[in-house]
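Heads up: the structure comes next, in structure tokens.
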Amino acid sequence: MAKVHEHITDEFRKWIEKQHIFFVASAPLSAEGHVNLSPKGHDCLRVLSADRVAYLDMTGSGNETSAHLHENGRITLMWCGFEGAPRILRLYGRGRTVLPGSAEWDELIPQFDHLPGARQIIVADIDRVQTSCGYAVPLYSYEGERDVLDKWTAAKTEDELIKYRRDKNSESIDCLPTPLGAVLGK
């Protein structure tokens, strides 16, 4: 029941904006490398055009997506309709990491609300938009965003955040370098 669409339609953009969670998948070129799948919350994603999206990426325990994009660019984003009508929407494309201090960061960051712990922006140029039924996706009720990352970030100095990112976000679990790691000097 999958259907391929030419681009991100206005209907899809509005639907994406109503979702509270999406998932990002990426993988290294090596067959022995680990496929990564990450959930993303908060109001961190923007549809920039009919074939481009970006999300504000938060400090985390790893940085797999950035490493994979740096190596090969492949990315898939997915939303599931947990409320309302059933739907699964996948965006396939090529992505890249945009770091603070770059001209592209300065261009993109005003489109996002301030989120403590933001470390980079992931931009994806979309070449395939696909929907499927989502009939087996369960219904869930949204209760709200967690504030744990906000509190964790607020308890850190800027130097502590930089050290954490250098230690935890400079390379993937498969030892692939990240653009953030190159800037932080690991």
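If you rank 172, 102 by fewest surrounding Cβ atoms within 10 Å, what's the result?
Listing 172, 102 from fewest to most nearby Cβ atoms yields 102, 172.
If one takes the longest principal axis of the Cα atoms in the chain, at what angle in degrees, from 0 to 90 and to the nearest 10, does the Cα axis of helix 158-168 lie?
70 degrees
Considering Cα pairs under 8 angstrom that are at least six residues apart, work out the relative contact order of the stretch 103-186 and quote it in whole percent.
So the answer I get is 23 percent.
For the pair residue 154 and residue 135, how long in nm is the line joining their label points, each one 7 Å along Cα→Cβ?
4.7 nm
Cα-based count: Lys pairs in the chain below 22 Å, eight or more positions apart or different chains?
13
Using the number of other C-beta atoms within 10 angstrom as an exposure proxy, rank 44, 133, 175 with the fewest first.
175, 133, 44
Can you pull out the chymotrypsin sites (Phe, Trp or Tyr not before Pro) in the stretch 124-177 whose DSSP state is coil and whose Cβ has at most 15 other Cβ atoms within 10 Å?
Answer in residue order: 135, 140, 142.
Would you calculate, for the chain, the mean residue ellipticity at 222 nm contributed by helices, counting each DSSP H stretch of 4 or more residues as -39,500 (n - 2.57) and dividing by all residues, to the nearest 500?
-6500 deg cm²/dmol
Based on alpha-carbon centroids, what's the gap between the stretch 32-67 and the stretch 97-166 in Å, whole number please?
Answer, in whole Å: 7.
Fewest first, what order do 139, 69 take by the number of other Cβ atoms within 10 Å?
The order, fewest Cβ neighbours first, is 139, 69.
In the stretch 108-186, what GluC sites (Glu not before Pro) fall in a loop by DSSP, with at most 15 other Cβ atoms inside 10 Å?
Sites meeting the loop and neighbour criteria: 143, 145.
What's the extension gain from residue 113 to residue 38 if we count 0.36 nm per residue and subtract their Cα-Cα distance?
Stretched fully, the residue 113-residue 38 segment lengthens by 24.9 nm.
Calculated FRET efficiency, residue 4 and residue 175, Cβ-Cβ r, R0 30 Å, to nearest 0.05?
0.25
No lab work stands behind these numbers, since they all come straight from the coordinates. What you see is a predicted model, and the numbers here were worked out from it, not measured in a lab. Heads up, the Cβs are rebuilt from the backbone with ideal geometry, glycines too, and the neighbour counts pull from every protein chain shown.
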